[in-house]
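A quick write-up on the structure given underneath.
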């Protein structure tokens, strides 16, 4: 999760928008249907075994609270007031350990229960109760919910592919400085043509390979670089510093402005003359044709400090109107700065095949001077080196206390990197990524930092966005900077997207000692540093796949469903191995928000989300935790092997422990959803 200073509109505001209500209905129906299918599996198999089903509920009717109910035959059907799942109430079975003993007593026909045989109904139970059924029958009842979820996942994914699914191409728009892909030298425009030998993969296949695969063994990729036609095969070992295994690859960007642009583009793109509109497609820069995002960036990079003219192709306002080409002027976008120079830390990563690697620079080296000048601001080091591209430059470093001098020739940089996702300051002109310590090493006398009273030696402890227009209220969660979370480069990257008038609140530990203090400052435009992208962002590169037959749809749907199951298992496995942070878990609010986003992207996208959710429900419900289906299955396996059920006392204690675990987990994910527990 990225350190975010820019606060989006809250989910409550989104709920109140009339345009969101149809999406809400779709989401509620979809999520309810996933739960319904699970409980329907239990219900149908229980009925087939002759078990009396007394209730079938979506949601929980805690304390008798329910939205509606009706009785048909011997079963009461309803919707409970607490929308956190559903249940089928069978005679003699109750997942609440406090009520289990009383329910078992109610289901007994007469006398106490002697040891139960493996097969055949036991006469001590009401013949229509759940405990009266044989072990295989009860196993079938318990597993039916999970099986129905798997079947549902296959059918929903198949329907999605029958309708047509948009899939993102496995092309890079950038790489995270210091990450696995960055260290291997991958850059904007590189295409992944195979994953572990599987040809023509999509971006989702890459996510699956990283989630399911081994961090130690890595992921084998075949990568093609269109700029020079080269192809190579390499193995990348995922990083886990962001709380989950990642390669540090940013998904593909097209040249089309998002069609559903709800707010204007940021930066210079938002001030384009004439204004850019959703659906506009960039075809040329300064009269030179561009056919990809990589070509666009290569054209913009050397012109960062100059106005540029984009040629865009725009669809007419009327349905039958022809497309038209028009020129749009973008002014340079000055980089927004605080006027603070932070302390340059050691090199954390060196890029393969880079000038730095060729000169022998190593992780741990600390750059002392460049061209006989102090290293200065680590966030502007690359800008200074780019001006020296093609010229040998002497760089002095401190290597574990030993001075080392190297000569490096900076290269031209015609790509961009995903700085929003990195805690390191990238220097792509030579191919290194530096740590940036949150200690002020210098203050520009005319900058915002000096005006706010920041002094050399002050340490930045936290950063938060404030909105003067809202009576100085803070927005979003404060980013805490610690020895293990030196993310000032992230803060600097996010500053480029702040709305005019927004300010930063820095919590400082004074150099002279004393209590921490807060200072507010508004980032100012730089006079000689500029943003290459100028606020442009585009729709992803997508391919629409539509099955040509029912068989092909079922084949793709089955693969997608089992891919989802494998991803959930992989996630849980890495969670137990501490390769994924539990703070990445999401509760009901996060699920609803993701479902809403999928619904806005189209019905097929919602179906694929429900496929993943159904796979998630299947796997989680079958975990060997008492009160879950998997816990019941463990007790039944014990009974099958031993020829008698475990004692009621043992089952009761384990059920209480399982219930406590589930409730603790629910409180934890609700805390994450509501922002009460920080994601990092």
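I want to check the label-to-label distance for residue 601 and residue 537. Put each point 7 Å from Cα in the C-beta direction and report it in nm to one decimal. It is 1.5 nm.
Per-residue Cβ neighbour counts within 10 Å put 71, 423, 55 in the sequence 71, 55, 423, beginning with the fewest. Each part gets one Cα centre, and for the stretch 513-561 versus the stretch 392-470 those centres are 24 Å apart. The peptide list 440-452, 150-162, put in order of mean Cβ contacts within 10 Å with the highest first, becomes 150-162, 440-452. If R0 is taken as 22 Å, the Cβ-Cβ distance between residue 371 and residue 400 corresponds to a FRET efficiency of 0.40.
Translational diffusion of the chain, estimated by Stokes-Einstein from the Kirkwood radius over alpha carbon pairs at 25 °C in a medium of 0.890 mPa s, is 85 µm² per second. Counting neighbouring Cβ atoms within 10 Å and putting the fewest first, the residues 317, 327, 205 line up as 317, 327, 205.
In plain terms, the residue of 313, 534, 548 with the fewest other Cβ atoms within 10 Å comes first and the most crowded comes last, giving 548, 313, 534.
Could you work out how far helix 97-107 tilts from the main Cα principal axis of the chain, as a 0 to 90 degree angle to the nearest 10? Orientation of helix 97-107: about 30 degrees from the principal axis.
Please work out the Cα center distance from the stretch 150-212 to the stretch 132-146, rounded to the nearest Å. Measuring centre to centre over Cα atoms gives 38 Å. Here the Kirkwood formula, the inverse mean of 1/r across different C-alpha pairs, assigns the stretch 207-256 a hydrodynamic radius of 12.5 Å. The distance separating the Cα centre of the stretch 304-372 from that of the stretch 626-676 comes to 52 Å. Kirkwood hydrodynamic radius for the stretch 339-522: how many Å is it when counted over pairs of different Cα atoms? After inverting the mean inverse Cα-Cα distance, the result is 17.4 Å.
Considering the stretch 506-550 at the alpha-carbon level, its Rg and Dmax are found to be 24.3, 74 Å.
Straightening the chain between residue 321 and residue 585 buys 90.3 nm, computed as 0.36 nm per residue apart minus the Cα-Cα spacing. Using only alpha-carbon positions in the stretch 277-328, the gyration tensor eigenvalues give semi-axes of 24, 11, 8 Å once each is multiplied by 5 and square-rooted (largest first). Model label sites at residue 411 and residue 77, defined 7 Å from Cα along the beta-carbon direction, differ in position by 6.5 nm. Scoring 270-276, 560-566, 139-145 by mean Cβ neighbours within 10 Å over their residues and listing the highest first yields 139-145, 560-566, 270-276.
A simple spin-label model places pseudo-atoms 7 Å from Cα toward Cβ; at residue 241 and residue 497 they are separated by 2.0 nm.
Any read-out appearing in this document is the output of simple, stated calculations on the displayed coordinates, not a laboratory observation. All values reported here derive from a predicted model rather than from experimental measurement. Every residue, glycine among them, receives a Cβ derived from its backbone with ideal geometry; neighbour counts consider all protein chains shown.
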